[in-house]
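The values are calculated or read from the model by the stated rules, or taken from the named source; none is laboratory data. Since the structure is predicted, the reported quantities are computational estimates derived from the model, not experimental observations. A quick note on method: Cβ atoms are made from the backbone with ideal geometry, for glycine too, and the neighbour counts reach across all protein chains shown. For the accessible areas, the whole protein counts, side chains as well, though only heavy atoms, and no ligand, DNA or RNA atoms are used. Shrake-Rupley method; radii C 1.70, N 1.55, O 1.52, S 1.80 Å.
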Amino acid sequence: MQCKKCGTELPENAKFCPECGEPVLQEEIVEETKIEEVEETVVEEPAAEEAVTEENTEEVVEETREEEPAAKEAPEEKNEEPSKVWYYVKNDQAMGPYGLEEMTAFLKSKTINEDTLVWKQGMEDWVKLKTTEIPIPDMSSSEQWYYVDDKNAQNGPYTREQMETLIQARQIFGNTFVWKTGMADWKRLKETELASLATPESPQPQYQTNSSQNSSSTAEKSHGQIFIMERSIGLSIVLTIVTCGIYSYYWLYCLARDINACCDVQNKPRVAEPGIVILLTIVTCGLYGIYFYWKAGKALAQLEFDNGFSVPDNSIIQLVMPILGLGIISMAICQSSLNDIARYAHR
């Protein structure tokens with residue numbers, strides 16, 4: 001309490017101000033006491049609220065503890081799913097992790113095979129897939145086989161079991177051309193996994209003795225089976241451009257190989273060996289290539305076919321194009337002629 005006259009703090013129950021001597025009335029003492037009691041009441045009320053809050057907090061904590069076991073049960077359901085622990089090597093890089101079903105699906109789609117390196121936790125090193133517990137599906141039933149008969153007709157598709165039956169019935173032989181899904185090109189049966197089941201060579205035709213029959217047999221022999229694969233001209237041109245001409249050497253090799261194959265069947269003069277063609281073209285800075293395109297046109301034009309199909313003589317235009325710096329056009333013309341032989345020559 002303060003003196004109303006000088007503002008000096010008065011001692012408790014003082015009747016006079018020690019500074020100015022002003023008397024202190026009893027009514028002022030009573031009012032000051034009431035004000036202090038009101039302030040104490042206001043200060044004590046939050047304490048009661050805090051007590052209530054602490055009690056509520058304890059109840060909330062107890063309820064939360066009761067709910068915790070239910071929340072912990074959820075992650076246990078995830079542990080029931082099959083773990084993805086398998087890795088495999090592709091292009092010298094580890095791919096994964098994958099589950100067992102996914103690895104089986106990769107096998108069926110031929111993304112991986114029996115010899116693919118795989119690994120999972122617990123293994124000391126990478127191992128081949130066929131040595132693990134991953135089940136290898138039976139792919140033999142899904143293989144589609146084709147073969148070319150002695151009339152140059154394509155037959156198929158056949159399953160592996162059907163091919164084995166044809167081999168046992170001596171309808172196809174070791175030198176029969178065959179193809180199946182996944183193979184890059186046609187091969188002779190003796191060069192495939194069915195070689196152990198096949199007779200090495202087909203029986204030789206029995207020629208009759210009179211001269212007219214011998215001459216007709218000779219004609220059939222000279223017009224024998226030519227079997228080459230078609231090649232996309234557009235794709236070959238694009239790859240040649242993209243690789244700055246490097247692919248053209250492989251394309252040139254394939255052209256020489258296929259032309260020689262056609263000539264060999266009919267005992268016609270061949271062009272040079274594919275490797276020699278590439279070597280001489282590089283050594284002569286392309287000059288030999290000009291000669292090759294001319295010779296290739298002549299070689300293809302000399303072929304004869306029983307159904308009347310013939311290849312036009314494009315040797316001159318194939319000679320002129322490289323001189324004009326358009327050697328790729330000559331390659332395209334050669335490839336077009338070979339595609340026509342593969343498509344129409346034996347129909």
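Exceedance of the 24 Å cut-off in Cα-Cα distance is limited, within the set 110/151; 151/268; 84/128; 180/295, to 110/151; 180/295. For the stretch 258-314, the Cα gyration tensor yields ellipsoid semi-axes of 25, 12, 6 Å (square root of five times each eigenvalue, largest first, whole Å). When peptides 93-106, 331-344, 165-178 are sorted by average Cβ neighbour count within 10 Å, with the highest value leading, the order is 331-344, 165-178, 93-106.
Please give the Cα centre distance for the stretch 280-347 versus the stretch 99-171, rounded to the nearest Å. So the separation of the two Cα centres works out to 39 Å.
Given their separation in residues at 0.36 nm each and the Cα-Cα distance between them, residue 175 and residue 9 gain 47.0 nm when the chain is fully extended.
Quickly rank 285-294, 111-120 as a protection proxy: mean count of other C-beta atoms within 10 Å, highest first.
Packing order, densest peptide first, comes out as 285-294, 111-120.
With all protein chains in place and a 1.4 Å probe, the accessible surface of the stretch 250-347 carries 64 percent carbon and sulfur. Using the Karplus relation 6.51 cos²θ - 1.76 cosθ + 1.60 with θ = phi - 60°, the per-residue 3J(HN,Hα) values for the stretch 332-339 come to 5, 5, 4, 5, 4, 5, 5, 5 Hz, with x marking Gly and Pro. The packing ranking of peptides 252-262, 315-325, 123-133, highest mean first, is 252-262, 315-325, 123-133, where packing means the average number of other beta carbon atoms within 10 angstrom of each residue. Computed on the stretch 269-326, with alpha-carbon pairs under 8 angstrom and 6+ residues apart, the relative contact order is 31 percent. Residue ranking by accessible heavy-atom surface, 1.4 Å probe, largest first, among 185, 306, 150 comes out as 150, 306, 185.
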